[in-house]
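Engineer: Right, I'll just put the structure down here and ask away after.
The values are calculated or read from the model by the stated rules, or taken from the named source; none is laboratory data. The shown structure was predicted, so the numbers you read here are calculated from the model rather than taken from an experiment. Every residue, glycine among them, receives a Cβ derived from its backbone with ideal geometry; neighbour counts consider all protein chains shown.
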Amino acid sequence: MAFYILKRLLLFIPTLLGITLITFILMKSLPGDPVTAMVGERASPETIVRIRSELGLDKPLPVQYGSYLKRIVTGELGRSVFTNRKIADDLIQKFPNTVKLALAAMLFASFLGIGMGVFAAVKRNTNWDRLVTLISVGGISIPVFWLGLALMLIFAFYLQWLPPSGMGNGSLVYLIMPAVTLGTFSLSYIARVTRSSMLESLSQPYVAAARAKGLSESKVVLKHALKNSLIPVVTLIGLDLGSYLNGAVLTETIFGWDGLGRYALEGIKQRDYPVIMGVVLFGAVIFVTMNLLVDISYHFLDPRVRVKEEA
């Protein structure tokens with residue numbers, strides 16, 4: 001296990017280098033000039049030339065990329081072209097807000113989605129099963145922005161139970177609608193994957209053997225069938241959580257949530273290249289880390305994976 005983790009950690013380096021190179025090339029290929037967007041189109045050519053020189057944008061692209069890599073090695077992600085704030089400081093400030101939203105969304109999606117999937121598998125081919133299938137298909141089909149606006153209209157304006165947007169002073173009531181909006185898509189997929197995996201497990205001989213031993217149906221379902229059905233479910237939860245930790249652009253924008261997604265969107269609209277590259281690199285580290293944690297969890301969830309590795 002230790003050798004496997006070390007090998008995966010070493011793969012971080014070429015992965016991150018490839019991501020920085022692709023992101024750098026794409027940023028430089030975008031139309032428009034960040035300096036012109038910053039100073040305005042009426043600025044004098046001398047001013048534009050001076051600012052480009054100060055930012056290092058007048059140097060050849062390989063030199064700019066090399067300078068960017070040197071800053072990354074020293075832990076410096078650069079400064080925003082518009083605010084002159086350190087990008088690392090902004091990421092540290094906004095990431096906890098994104099973590100709070102992502103964890104709330106995944107807790108909502110995981111518990112409800114797994115519960116719905118197990119219930120549908122146990123009640124296979126009944127009206128309850130069809131109802132869960134209908135809900136999951138609807139959750140996958142509804143666009144995030146539409147769901148967010150619909151929840152805001154119903155619960156904030158008509159019923160006035162919840163605040164429409166913002167983060168308040170950290171109160172949980174501000175977290176409910178964004179978490180539900182963000183987690184509904186994952187909930188639907190988790191329910192479908194759990195149902196499919198549970199149906200396969202319930203048809204296995206070890207489940208029949210557990211029932212033959214006289215175990216209660218709840219123990220058979222939860223202890224034997226569910227545990228052996230969690231590999232694809234954990235994979236889905238881990239990947240979705242890694243995606244959410246990168247920032248939920250639509251959800252954070254709709255509800256005015258001050259997280260990485262909204263921060264990245266502002267950088268894109270302003271063509272603030274250092275901000276975009278900083279968010280992408282930070283998100284890549286998070287996503288690769290989540291993949292590693294998911295792979296490690298297989299070692300504990302499924303003995304077959306552990307035996308194969310040790311062999």
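Engineer: When the residues of the stretch 83-113 are narrowed to those that are of a type in the set (Ser, Thr, Tyr) and assigned by TED's automatic domain parsing to the domain that holds residue 261, which ends up farthest from the chain's Cα centre (by Cα)?
Structural biologist: 110
Engineer: If you don't mind, there's one more thing I want to ask. Output the qualifying pairs, or none if there are none: Cβ atoms under 6 angstrom, residues six or more apart or on different chains, first residue in the stretch 176-202 and within 11 Å of residue 110 (Cβ to Cβ), second residue of a type in the set (S, T, N, Q) and part of a helix (DSSP H, G or I).
Structural biologist: Within 6 Å, the pairs are 191/136.
Engineer: Then there's this: Only one residue in 146, 128 is under 30 Å from residue 225 (Cα atoms) and modelled with pLDDT of 90 or more, so which one is that?
Structural biologist: 128
Engineer: Only one of (1) of a type outside the set (Val, Ile, Thr); (2) over 24 Å from the mean Cα position of the chain (by Cα); (3) not assigned by TED's automatic domain parsing to the domain that holds residue 187 is not met by residue 80, so which one is it?
Structural biologist: Here residue 80 meets the rest and fails (2).
Engineer: Check 104, 121 and return the single one that is assigned to a helix (DSSP H, G or I), within 30 Å of residue 282 (Cβ to Cβ) and touching a residue at least 24 places away in the same chain (Cβ under 8 Å).
Structural biologist: So the residue among 104, 121 that is assigned to a helix (DSSP H, G or I), within 30 Å of residue 282 (Cβ to Cβ) and touching a residue at least 24 places away in the same chain (Cβ under 8 Å) is 104.
Engineer: Okay, next question. Could you list, in sequence order, the residues of the stretch 34-90 that are at pLDDT 80 or above and among the acidic types (Asp, Glu)?
Structural biologist: The answer is 89, 90.
Engineer: Now for a separate question. Determine whether residue 192 is charged (D, E, K, R) and crowded, with 19+ Cβ neighbours inside 10 Å.
Structural biologist: So residue 192 passes the test.
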